[in-house]
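Accompanying notes for the structure given below.
What follows draws every value from the coordinates through simple rules; no lab data is involved. Just so we're clear, the structure is a prediction, and the values are computed from it rather than from any experiment. Every residue, glycine as well, gets a Cβ built from its backbone with ideal geometry; the counts of neighbours run over all protein chains shown.
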Amino acid sequence: MKSLKPAFALMATVSLGSLLGCSSTASKVPDLNTTLRTSLDQAGLKDVTSNQDAEKGVITLGGHVPAESDKAQAENLAKSVAGSEVVANQIAVIPPGQPDVKTVDLDIDKGISGNLNAALIQAKLDDNVKFTVKNGVVTLTGNVESKSKRTEGQQAAAAIQNVSQVVNELQVKNQKATSSN
């Protein structure tokens, strides 16, 4: 009987460990696209799109609207649904009868890209930091060595003229995205 006690203790420990391991469920981020789509449709913002990247904690708004107030309304609706997720507002404002605005926006985005590339080279972040620019919104991606490098990249992007928002998806040991307006 004495020889069975250590075996029972070992089995109990393994069983308990298995139960505890199985009981921890991954926290699943809810899909917010349907709720947001309903809110946007009710507000008459049918040309606004949304895309949720739950892994990075970002909801990206796209499409176009006729006025800045509509863009702000879409962003406010997204923020009300988003909870702790970052809202990247890449909506283009194209006033009725002014199709040339798209060309101007593209030129501005190209200028932002050139200036940001120069700033990242100067800060010696160009090897690790990649970026996209759309409608004045800069999205930073890549891996950096420290929180200070992550912050430095965000500050470099935010300092560029005509940048309306920086979505910082730079990774430093499991941190989620952040945003600055």
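Side notes on the structure shown:
- Treating r as the C-beta distance of SER113 and ALA54 and R0 as 25 Å, the FRET efficiency rounds to 0.35.
- The value given for the stretch 68-181 is a Kirkwood hydrodynamic radius of 14.9 Å, derived from the mean inverse Cα-Cα separation.
- Rounded, prolate or oblate (a/c below 1.5 giving rounded, otherwise prolate when a/b exceeds b/c) for the stretch 29-96 by Cα gyration tensor: prolate
- Fraction of beta bridges assigned by DSSP in the stretch 100-181 that are antiparallel (%, nearest 5): 65
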